[in-house]
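Just so it is clear, none of the values below were taken in a lab; they were calculated from the coordinates. Nothing here was measured: the structure is a model prediction, and the numbers come from that model. Ideal geometry is used to build each Cβ from the backbone, glycine not excepted, and the neighbour counts take in all protein chains shown.
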Amino acid sequence: MRHFFILLLVIKVFSVQCLFAQEEPSKQVIRGVMLSTPSTSQVDEFINFIEKELVPRKVNCLILKVNYHLEYTSRPEIREKKTLSNAGAKRILEVCKNHQIELIPLVNCLGHQSWGADEKNIRALLKTYPDFEENPVAQIKNPDFYCRSYCPLHPEVHAVIFDILKETIDVFEAKKMHVGIDEVFVLGEDACERCKGHNKAELFAGEVNKLHEFLKNNGVDMWMWGDRFLDGNETGLGKWQAAINGTHPAINMISKDIVICDWHYKIAPRTATYFAIKGHPVISCSYQVPQVALQQLKEMNALHSESSEQIANRMQGLMHTFWGSTGEFMKAFKGEQVSEKTQQAYQTFIELSDSW
């Protein structure tokens, strides 16, 4: 009998040790959500949303898409409408700290400097400094023209970009920074006197590495989207969630400590595995299809349990993205009427967070 109780004790201790061994890594797994920065008038509602909705769903990472909507003092000319005051940003940061949620600001670099060809939709950077723009040439005549880019070889553009990044980092006390760089369709154009004749993969990698070096020198880790590193032709993923303009070889030219946010919204190709094999930490990103988000979670869990330690450690977690106003997303949680896409994004987040 004495030996039996000793055996039970050993089993109990072993079980507790296994439980902690299983729980400890989960604390490191990112359970993130990306939202647009609220305006100053929305701060109280947003803080309540964080505490009442995100915290109970175990969100531990909040990516705020700033994109010039901050009350910049270093570059006051680079401000969009409906800015978030620095005081409001500090209040959001404080509530995140109180609930162990890491706040990561996002500022789009290189691409996404406008929406469409209409000059009324040019964003603050190119509106203030139009000579920074990479000339889109004939692309702008296409009715489906998507967005403009700044020229990565313009001699003055990075002085402005770095001021914006530095102030954003300081306001949010950030240790990580998301710099966007997705869906870059205008790059290395023949009409650009600086970029003409340059290899597009090298141009792209050069900009990525320049941003990475700046952030690293400021003690900040760099996150970015991964679509421009995928070959849209070979994978069949096309020009949106991958590249068909020759930037994909840049994956072999950049620092391995850059975190790749691998977004796929309607299908779930196993590209996270590709980025992990390439040596990068990777986060799978969902939007508006629950089955896709759950498949991404399944892939991450499989790689954690079935892959080598190196690959498993690179699978950092999941990020749910919402590409609309934060006010609209918060309405969905109140049961108010929202657009079909917002409702789908809300449902995806609910099903994903129920499962992680």
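Which residues' amide hydrogens lie under 5 Å from the amide hydrogen of Cys195, considering only partners 5 or more residues apart or on another chain, with H built in the peptide plane?
Here the answer is none, since no amide H 5 or more places off falls under 5 Å of that of Cys195.
Hey, with R₀ at 25 Å, roughly what FRET efficiency would His99 and Ala312 work out to, going by the Cβ-Cβ distance, to 0.05? Mind dumping the intermediate values first?
On the way: r = 27 Å, r/R0 = 1.09.
With R0 = 25 Å, the Cβ-Cβ based efficiency is 0.40.
Can you pick out the pairs among Lys97/Lys127; Lys82/Lys175; Lys216/Lys266 whose Cα atoms lie more than 32 Å from each other?
Result: Lys97/Lys127; Lys216/Lys266 exceed 32 Å.
Can you pull out the GluC sites (Glu not before Pro) in region 180-261 that DSSP calls coil and that have at most 16 other Cβ atoms within 10 Å?
Answer by residue number: Glu193.
Kindly flag which residue pairs out of Lys196/Lys239; Lys200/Lys278; Lys176/Lys331 have an alpha-carbon separation exceeding 24 Å in this structure. Each step should come with its number before you reach the end.
Numbers: Lys196/Lys239 22 Å; Lys200/Lys278 20 Å; Lys176/Lys331 29 Å.
Cα-Cα > 24 Å for Lys176/Lys331; rest within.
7 Å from Cα along Cα→Cβ at both Asn252 and Trp240: what's the point-to-point distance in nm?
3.0
Taking 0.36 nm per intervening residue step and subtracting the Cα-Cα distance, what contour gain separates Ile267 from Ser85 on full extension?
61.7 nm
Determine the relative contact order of the chain: mean sequence separation of Cα pairs under 8 Å and six or more apart, normalised by residue count, in whole percent.
Once divided by the residue count of the chain, the mean separation gives 15 percent.
Local charge sum around Ser36 (other residues, Cβ-Cβ under 14 Å, Lys/Arg +1, Asp/Glu -1)?
So the surrounding residues net to +2.
How charged is the neighbourhood of His158? Take every other residue with its Cβ under 11 Å from the Cβ of His158, and add Lys/Arg as +1 and Asp/Glu as -1.
-3
I need Arg148, Arg57, Arg31 ordered by Cβ neighbour count within 10 Å, fewest first.
Fewest-to-most Cβ neighbours within 10 Å comes out as Arg57, Arg31, Arg148.
Please compute the net charge surrounding Cys285, taking Lys and Arg as +1 and Asp and Glu as -1 over other residues with Cβ under 11 Å from its Cβ. Write out the running numbers ahead of the final one.
On the way: positive: none; negative: Asp182, Asp227, Asp262.
The answer is -3.
Report, in order of residue number, the helices in the chain meeting two criteria: a C-alpha extent of 20 Å or more along the helix axis, and a mean Kyte-Doolittle hydropathy of at least 0.5; treat each whole DSSP H run as one helix.
Helices passing the filter in the chain: 2-26, 157-172.
Per-residue HN-Hα couplings for region 109-117, Karplus 6.51 cos²θ - 1.76 cosθ + 1.60 at θ = phi - 60°, whole Hz, x for Gly and Pro?
Result, rounded to whole Hz: 10, 6, x, 6, 9, 5, 10, x, 7.
Spelling out what I want: for every residue of region 56-69, take phi, set θ = phi - 60°, compute 6.51 cos²θ - 1.76 cosθ + 1.60 (Karplus), and round to whole Hz; glycine and proline get x.
x, 8, 6, 5, 10, 8, 10, 9, 9, 7, 7, 6, 6, 9
Could you work out [θ]222 nm for the chain from helices alone, using -39500 (n - 2.57) per DSSP H run of at least four and dividing by all its residues? Round to the nearest 500 deg cm²/dmol.
Helix-only estimate at 222 nm: -12500 deg cm²/dmol.
Just the Cα atoms of the chain, one point each, no solvent: what log10 I(q)/I(0) does Debye give at q = 0.10, 0.12, 0.15 Å⁻¹?
Per q value, in the given order, log10 I(q)/I(0) is -0.63, -0.90, -1.42.
Charges on Cβ only, +1 for Lys and Arg, -1 for Asp and Glu, centred on the Cα centroid of the chain; of Pro76, Ser149, Ile258, which one is farthest towards the dipole's positive end?
Ile258
Only sites in a loop by DSSP and with at most 12 other Cβ atoms within 10 Å count here; which trypsin sites (Lys or Arg not before Pro) in region 265-356 make the cut?
Hits after loop and neighbour filter: Lys266, Lys334.
Roughly what % antiparallel, to the nearest 5, for the DSSP beta bridges in the chain? Walk me through the intermediate numbers first.
Numbers: 2 of 36 bridges.
Here the share of antiparallel DSSP bridges comes out near 5 percent.
Note the full-extension length gain between Asp44 and Gln337 as 0.36 nm times their separation in residues minus their Cα-Cα distance, in nm to one decimal.
Working it through step by step, the gained length comes to 103.3 nm.
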